[in-house]
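Enquirer: Encoded as structure tokens, here's the structure I'll be asking about.
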Amino acid sequence: MTTSILVVAEHRDGSIKQVTYEAIEAARQSSLDETPIHLALIGHELHDITEQLSSSGVTTIYSVDHEDCKHYNPEIYAKVLTQIIEQSGAEGIIFGHTTIGRDLSPIISANLDAGQISDVTAIEQTADQVLYTRPIYAGKAFEQKTFRSTPWVLTIRPNNIPAAETSENTATHVEIEYKQPDSLRTVIKNVVQKSTGKIDLAEAKVVIAGGRGVKSSDGFKPLEELAQVLGGAVGASRGACDAEYCDYALQIGQTGKVVTPEIYIACGISGAIQHVAGMSQSRLIIAINKDPEAPIFKLADYGIVGDLFEVVPLLTEEFKSV
Ligand code: FAD
């Protein structure tokens, strides 16, 4: 039995990431007997975010608010989070399977000597255990795992588990004093890629991804216009990143971001297994490629054989008119 579960909240520029609410729901689904759910909130100037999270259905919000925590630093965050885990007494820790979650969760698992299940896409309760589903072999198969002991650490893939509903109960807020840990790193500045816009690629409901077929950084412009009309984010294959058409922050795949949007539009992407590993769980896949034999068509729900520079602007015009 897990005494309590701690969800690690993620936020940026004063906005709470959707995956935080999904992780709270994952905590509920992981709780066999009304286990208390707490939230860890780390950052700087957290007042507004704490207010917003107070109706998220958790019992307690443990926060550490300090200038040193303004930007993510794994050494500082790991120490601060360990302090929160100790104070909350949590035996289950849940992260989003995001860039930060993927970096921080193994540090915490190692520190706690905990078992970890990563990249969970579904949770199922039986009479006496909780089963976690995760993709394996680059999304070609799924496995179900469970924890046999505590403590445990979980990361959940964004956009797969429904977000927790808001609650009428207000969470208790415990502010923990920041104790400056030794850190070999200093974050000098935080560089946010402009082309990703306001929508986080990992959480976007619509992703328009470009591959080597876009041919240049200017070739991404039609994709950006389509993304804007559909309220989506632009992503890329590693082929496009390696060719310096866009930044690696946009890379989707085995060594990039994992996305699960409602709609994924692959433009000039061949469909290599390493790319597919990062997008195969998308609800609806549309591929635009001028090669009818491109492997991406085997995966796509809809395929358009054609030149992306003709097809994408047509789609943009069409969507603008609806
Ligand atoms: P290509 O394979 O060159 O395909 C370009 C496609 O564009 C072709 O199908 C072509 O027909 C089409 N095209 C060209 N012009 C047009 C046009 N005008 N209109 C329409 N279609 C057009 N890749 C990833 O994406 N993500 C990863 O995380 C990743 N990790 C990797 C890890 C390892 C260890 C290794 C070895 C490789 C990894 N790769 C990854 C690379 C992967 O194997 C492929 O090389 C890469 O995905 C290819 O990118 P691409 O589809 O854009 O390019």
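The values are calculated or read from the model by the stated rules, or taken from the named source; none is laboratory data. This is a predicted model, so every value here is computed, not measured. Note that we place each Cβ from the backbone using ideal geometry, even for glycine, and neighbour counts take in every protein chain shown. Side chains included, ligands, DNA and RNA excluded: accessible areas come from the protein's heavy atoms. Shrake-Rupley method; radii C 1.70, N 1.55, O 1.52, S 1.80 Å.
Enquirer: Name the residue that is surrounded by the most Cβ atoms within 10 Å (Cβ to Cβ), counting only residues in segment 283-322 that are assigned to a strand (DSSP E or B) and within 12 Å of the ligand (Cβ to nearest atom). Break it down stepwise before answering.
Expert: From segment 283-322, those assigned to a strand (DSSP E or B) are 284-289, 302-305; that's our starting set.
When the remaining residues are screened for being within 12 Å of the ligand (Cβ to nearest atom), the result is 287-289, 303-305.
Numbers: A287: 25, I288: 29, N289: 26, G303: 18, I304: 20, V305: 14.
Selected residue: I288.
Enquirer: Here is a list: S63, S109, S105. Which entry is part of a strand (DSSP E or B) and either over 24 Å from N190 (Cα atoms) or not aromatic (F, W, Y) (or both)?
Expert: Only one candidate passes the filter, namely S63.
Enquirer: Write out, first by first residue and then by second, each pair whose Cβ atoms fall under 6 Å of each other, whose residues are 6+ apart or on separate chains, and whose first residue, in segment 198-222, is over 18 Å from Y248 (Cβ atoms) while the second is within 14 Å of the ligand (Cβ to nearest atom) and of a type in the set (D, E).
Expert: Going by the 6 Å Cβ cut-off, there are no qualifying pairs.
Enquirer: Could you tell me whether A272 is at pLDDT 95 or above and near the ligand (Cβ under 6 Å from one of its atoms)?
Expert: Judged against the criteria, A272 is a match.
Enquirer: While we're looking at this one, here's another question. For segment 254-269, give me the residue count where each residue is surrounded by 24 or more Cβ atoms within 10 Å (Cβ to Cβ) and closer than 24 Å to D291 by Cα.
Expert: 6
Enquirer: How many residues does segment 202-249 contain that are in a helix (DSSP H, G or I), open to solvent by less than 50 Å² (accessible area, probe 1.4 Å) and modelled with pLDDT under 95?
Expert: 3
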